[in-house]
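Report on the structure given below.
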Amino acid sequence: MGENSGANGTNSGESSGRPFAERVATRLFYPTSRPSERALREAVAGRVVLVTGASHGIGKQAAKKLAAAGGIVLLVARTVEDLEQVAGEIREAGGTAHVYQADLTDMAAVEELGRALLSEHGHVDVVINNAGKSIRRSIDDSYDRFHDFTRTIDINYLGPVRLLLTLLPGMREQRRGHIVNISTWGLRMPPAPRWSAYGASKAAFDTWLRTVATEIAADGLTTTSIYMPLVHTRMSAPTDFSNIPGLTAEEAADLVCHAVVSRPREISPWWTGPVQAWTDLTRGAAQRFMERGFRR
C-alpha cells in the first residue's frame, strides 16, 4: 500500500546513475521528444505560461525550460517557500517568473487565483495542468477513507476545471491559447488494482478536457493530453517502482515542451494504442487478466 502526493513529484532531471539496461529500456518503451531551443523560443517568448504544481518535479523542470526560452512563467503550488526557490533559480538564469501560492483543492481559492492572474497579467497564453495527487490503496483499506476519493477528485479534476472556467473566456476572446494536461498512461490500460481513486479522478478531467476541446477549437484554442508513463519522482516514490524503467523529471519536462511547440492532441507511449484497442475490443478478457494479477 502506498500514498503519493505532491505536484508530480521531485527528483533530479539527470539520468546519471541509472543502470545502462534501464536507460535502454526507457528509450525503447518511452521515447521522448525535445524541441529545439529555437522552436521553443518561438512558441513561448513573451507569452504568459501558467504551470501548476511548479514547486517540484515535472512542473519545476518544465517551468525552468519554458522560462529559459523567454516565457513569462506563472508558478503555482501550495508551498510558497518552494515556489520562491524555483523562481529564484529562474531569475538567476535571466528568466521571468511570478509566484502564486494556492491550494487547488480549495475551490474559492482557485477562483480567486484565476482572477488574480487575469488582473495582473491580462491573459494567459498557455496552461500546463501538472499539479496532481496519486494514491495507491486497495479497496480493503479504503472503507473508512472516503477522503482519499474526495481529495484526489478535488486536485486532479475539480480544481483544474474551476481554474479553467475562469481563464477560458479570456483565452477564447483573444482566439489563442493552448492547454497541456499531464495525464497518465494508466488511462490507456485496463483498470489496475489499487488505483481506483487516482484513476477515476484522472479519467474525469481527461474526459472533461477532451470534450471541451471540441467546443473551443473554433476559437483557435488547442489542447494536448500527455499520457505520461512512469516518472521517477517523489510522487511515485512511495510505491516501489525501482525495478521498472521510467523517465526522469527532466525527460518528462521535455515532453511538456514538445507539447507546447507542436500542439498534438495527445502524446502517449507508442505501444499504448494497441493495448487500448485490445482492451476496448476484449473488455472481459482484459479485466480477467488484471484480476489474475491481483492477489490479496
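Surface listing: Asp254, Asp280, Asp144 arranged by accessible area from highest to lowest gives Asp144, Asp280, Asp254, probe 1.4 Å. Think of a 1.4 Å ball rolled over the protein heavy atoms: the chain then has 47 Å² of accessible area per residue. Give, as ranges by residue number, the residues of the range 184-205 whose backbone N falls under 20 Å from the point 7 Å along Cα→Cβ of Glu291. Backbone N within reach: 189-197.
Stokes-Einstein, applied to the Kirkwood radius of the chain over Cα pairs at a viscosity of 0.890 mPa s and 25 °C, places its translational diffusion at 126 µm² s⁻¹. Approximating the spin labels as points 7 Å out from Cα along Cα→Cβ, the Arg263-to-Thr282 distance works out to 4.0 nm. Relative to the longest principal axis of the Cα atoms of the chain, the long axis of helix 20-29 lies at roughly 80 degrees. Between 0 and 90 degrees, rounded to the nearest ten: what's the tilt of helix 80-92 against the longest Cα principal axis of the chain? Its long axis makes an angle of about 60 degrees. List residues of the range 50-65, by number, whose backbone nitrogen lies under 18 Å from a label position 7 Å along Cα→C-beta of Asp106. Backbone N within reach: 52-55. For the chain, the longest principal axis of the Cα atoms and the long axis of helix 159-174 meet at an angle of about 40 degrees.
For Thr184, the residues whose modelled amide H falls within less than 5 Å of its own, excluding neighbours fewer than 5 places apart on the same chain, are Met228. Each residue was assigned an accessible area with a 1.4 Å probe, and for Val86 the value is about 0 Å². Projecting label points 7 angstrom from Cα along Cα→Cβ for Arg115 and Ala217 puts them 3.4 nm apart. With the biggest extent put first, the Cα atoms of the range 57-110 measure 33, 18, 18 Å across the principal axes.
Using only Cα atoms, what is the ratio of the radius of gyration of the range 105-169 to 2.2 N^0.38 Å?
1.38
The values are calculated or read from the model by the stated rules, or taken from the named source; none is laboratory data. Remember, it's a predicted structure, so these values are computed and weren't measured experimentally. No Cβ is skipped: glycine too gets one built from the backbone with ideal geometry, and neighbour counts run over all protein chains shown. Please note that ligands, DNA and RNA were not included when accessible areas were found on the heavy atoms of the full protein model with its side chains. Shrake-Rupley method; radii C 1.70, N 1.55, O 1.52, S 1.80 Å.
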